[in-house]
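One structure is given below, encoded as structure tokens.
The values are calculated or read from the model by the stated rules, or taken from the named source; none is laboratory data. No experiment lies behind these values; they were computed from the predicted model shown. Here the Cβ positions follow ideal geometry from the backbone for every residue, glycine too, while neighbour counts run over all protein chains shown. What goes into the accessible areas is simple: the full protein's heavy atoms, side chains included, and nothing from ligands, DNA or RNA. Shrake-Rupley method; radii C 1.70, N 1.55, O 1.52, S 1.80 Å.
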Amino acid sequence: MDTLIMVAQLILGLSILVGLHELGHLLTAKMFGMRVEKFSIGFPPKIIGFQWGETEYSIGAIPLGGFVKISGMVDESMDTEQLSSEPQPWEFRSKPAWQRLIVMLGGIIVNVVTGIIIFVVLVYQRGETYYSRDQVIQNGIVALEIGKQIGFQDGDRILDVNGLPYESINELSGGETLLSSGGYYTVDRGGEIIKIDIPRGFINSFNSEQAMSSFINIRVPFDVREVSPNTTAEKIGLKAGDKILGVNGVQIAYFNDLQSSLAELKGKEATILVERNGQTLEKTAQISEEGTIGIAVNPLLEPVVKKYGIAQSITKGTQRAFGVVIVNAKALGKMFTGEVSAKNVSGPIGMAKIYGNSWDWVKFWSITGLISMILAFMNLLPIPALDGGHVMFLLYEMVSGQAPSDKFLENAQKVGMVLLLALMVFAIGNDILKLFTGP
């Protein structure tokens, strides 16, 4: 069932984005009087389709893309038979270069607009919830596995990133931060100001959802919210609202302090100091073999919640959308230098895992908006067979006044298809390798 949910979300997300992308090409082509022969979401074989006017609309069995076939255009179908005859008024090749350019940019523009709309709506409806820089400085952090690898310690108070203050704890592990050249954190550790460098290629450590949650957290003060029945906590009389002040003489101020202390006392007896209604009580407890006593805790640190009006949401949502493009452009550049591992390239299996095995509409639309912006960016790359390749040749034609020959475009299309197929094989191979070896 978990796999079905992941696959269903991937198919739905890609179908929406591919359908809108190809619709952008179709509408702009028809706007300029070009004949659109086919519109397909998914690749053949065809599952279902119908004819409406001059265009056949269909859904293909392979839900990893789609296409629009425009008369008189050298495209991935490699149908060049029509190019041997004289150009007809309704054909792509007979239209001015600027019109053809708009048609090729149509899908990219629609993906960008889609991504922006998704992020704007999410910001307007959900706002932002995060722990602020002031809260991080006041409480300090919990250094998790990946955080410890670069030198963070529990209780560190992060003052800035690359010499600049930050607003949200989320920025500390954001793409902009991890991809910065010569990046560093400034930390207050017990009154001593130290610098923690961000190692070259550190972003490769964040190659899964589990890894991303293994960097740092904020330290959270707490009290007892609930006592589980038939546990040590119930036996020693702990109650909701109690504050645990110490374990075996070790002061407890934050939940991670309690976790650490109990982990060191697995299966042993310990003295627990408790505050209840202003009184201090001492309890003797048997710690379980799992390092627990049987309580659920109530965090006493509230995150910052920001709500935005429509105008602010448009600004914030647009910034988020283009932020995705900037981060991916930087990552692609660093991939060529070897700083970002090519193992981070994911295919359909990796994308499905990003959606996750539970259906959360907020997460679904967040990821779909993210993929929409990435698709726009990737399609704009000047690679033959992608929209960006056509854009490159059209710009050359507009500048030089001379269009590349149909034979050249046909050969370029073949080269581009080989490159894209090789990339797809590589991405799927990465996915399969991760299934057996982990991230």
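Taking the Cβ of residue 155 as the center, what net charge do the other residues with Cβ under 14 Å away carry, scoring Lys and Arg +1 and Asp and Glu -1?
Charge balance in the 14 Å sphere: -1.
Keeping all protein chains in place and using 1.4 angstrom, which order do 46, 243 fall into by accessible surface area, from largest down?
46, 243
From the phi of every residue in region 279-292, what ³J(HN,Hα) in whole Hz does the Karplus formula 6.51 cos²θ - 1.76 cosθ + 1.60 yield, where θ is phi - 60° and glycine or proline is x?
The phi angles translate into 9, 9, 10, 10, 10, 9, 10, 9, 7, 5, 5, 8, x, 10 Hz.
To test your reading of the geometry: what angle, between 0 and 90 degrees and rounded to tens, separates the Cα axis of helix 387-400 from the longest principal axis of the chain?
50
Quick one: compute the contact order of the chain, relative version, from alpha carbon pairs under 8 angstrom and 6+ residues apart, as a percent.
About 18 percent, as a whole number.
Non-local amide H neighbours of residue 216 (under 5 Å, H modeled in plane, Pro and chain starts lacking H): which ones?
144
I need the calculated FRET efficiency for the pair residue 395 and residue 289, taking r as the beta carbon distance and R₀ as 51 Å, to the nearest 0.05.
So the FRET efficiency works out to roughly 0.15.
What is the sum of charges around residue 123, taking Lys and Arg as +1, Asp and Glu as -1, for the other residues whose C-beta is under 9 Å from the C-beta of residue 123?
So the environment of residue 123 carries a net charge of +2.
Given N residues in region 103-212, what is its alpha carbon radius of gyration divided by 2.2 N^0.38 Å?
1.32
Count the net charge of all other residues whose Cβ sits under 15 Å from the Cβ of residue 428, scoring Lys and Arg as +1 and Asp and Glu as -1.
+2
Report, ordered by chain and residue number, the lysines lying within cross-link reach of residue 69, taken as a straight Cα distance under 23 Å and ignoring same-chain residues fewer than 8 apart.
Reachable lysines: 30, 38, 46, 95, 407, 414.
Under 5 Å between amide H atoms, partner at least 5 residues away or on a different chain: which partners does residue 246 have, H built in plane at 1.01 Å?
Here 252, 273 satisfy the definition.
Compute the FRET efficiency between residue 150 and residue 31 as 1/(1 + (r/R0)^6), taking r as their Cβ-Cβ distance and R0 = 45 Å, and round to the nearest 0.05.
FRET efficiency, residue 150 to residue 31: 0.30.
In degrees, nearest 10, range 0 to 90: what is the angle between the Cα axis of helix 406-437 and the longest Cα principal axis of the chain?
For helix 406-437, the angle is close to 20 degrees.
Which one of 328, 405, 265 is farthest out on the positive end of the charge dipole of the chain, using unit charges on Cβ (Lys, Arg +1; Asp, Glu -1) and the Cα centre as origin?
405
Work out from phi, with θ = phi - 60° and the Karplus expression 6.51 cos²θ - 1.76 cosθ + 1.60, the ³J(HN,Hα) of each residue of region 334-339, listed in order in whole Hz, and give x for Gly and Pro.
For region 334-339, the Karplus-derived couplings read 6, 5, 5, 8, x, 6 Hz, x marking Gly and Pro.
Which one, 277, 162, 111, has the greatest fluctuation when you compute a Gaussian network model over the chain with C-alpha springs under 10 angstrom?
277
From the alpha carbon gyration tensor of the chain, can you work out the equivalent ellipsoid semi-axes (sqrt of 5 times each eigenvalue) and give them in Å, largest to smallest?
After diagonalising the Cα gyration tensor, the semi-axes are 55, 23, 20 Å.
Expressed as a whole percent, how much of the Cα-Cα distance distribution for region 274-328 exceeds 16 Å?
73
Give me the extension gain from residue 312 to residue 195: residue separation times 0.36 nm, minus the current Cα-Cα distance, reported in nm with one decimal.
So the extension gain works out to 38.6 nm.
Whose amide H sits under 5 Å from the amide H of residue 381, counting only residues 5 or more places off or on another chain, with H placed in the peptide plane?
388
Report, in debye and to the nearest 20, how large the dipole of the chain comes out about its Cα centre when Lys and Arg carry +1 and Asp and Glu carry -1 on their Cβ.
Using only the charged Cβ atoms, the result is roughly 300 debye.
What FRET efficiency comes out for residue 336 versus residue 296 if R0 is 45 angstrom and r is the Cβ-Cβ distance? Round to the nearest 0.05.
In this case the efficiency is close to 0.40.
Once the Cα atoms of helix 361-379 and of the chain are each reduced to a long axis, what angle between those two axes, in degrees from 0 to 90 to the nearest 10, is obtained?
40
If you put +1 on each Lys and Arg Cβ and -1 on each Asp and Glu Cβ, how big is the dipole of region 324-439 around its Cα centre, in Debye rounded to 20?
Dipole magnitude for region 324-439 comes out near 380 debye.
For region 342-353, what does the Karplus curve 6.51 cos²θ - 1.76 cosθ + 1.60, with θ = phi - 60°, yield as ³J(HN,Hα) per residue in whole Hz, taken in order and with x for Gly and Pro?
Karplus-based 3J(HN,Hα) across region 342-353 equals 5, 5, 6, 5, 10, x, x, 5, x, 5, 4, 5 Hz.
For the chain, what is the mean residue ellipticity at 222 nm derived from helices alone (per DSSP H run of n ≥ 4: -39500 (n - 2.57); sum divided by total residues; nearest 500 deg cm²/dmol)?
It comes out at -14500 deg cm²/dmol, rounded to the nearest 500.
Over the chain, with a Gaussian network built from C-alpha contacts below 10 Å, which listed residue (59, 198, 295) shows the highest mean-square fluctuation?
295
Once you have the alpha carbon radius of gyration of region 25-126, what is it after dividing by 2.2 N^0.38 Å, with N set to its residue count?
My calculation over the Cα atoms of region 25-126 gives 1.25.
Tell me, how many Å apart are the Cα centres for region 284-314 and for region 398-412?
60
In debye to the nearest 20, how big a dipole does region 368-436 give about its Cα centre with +1 on each Lys and Arg Cβ and -1 on each Asp and Glu Cβ?
The dipole magnitude comes to about 180 debye.
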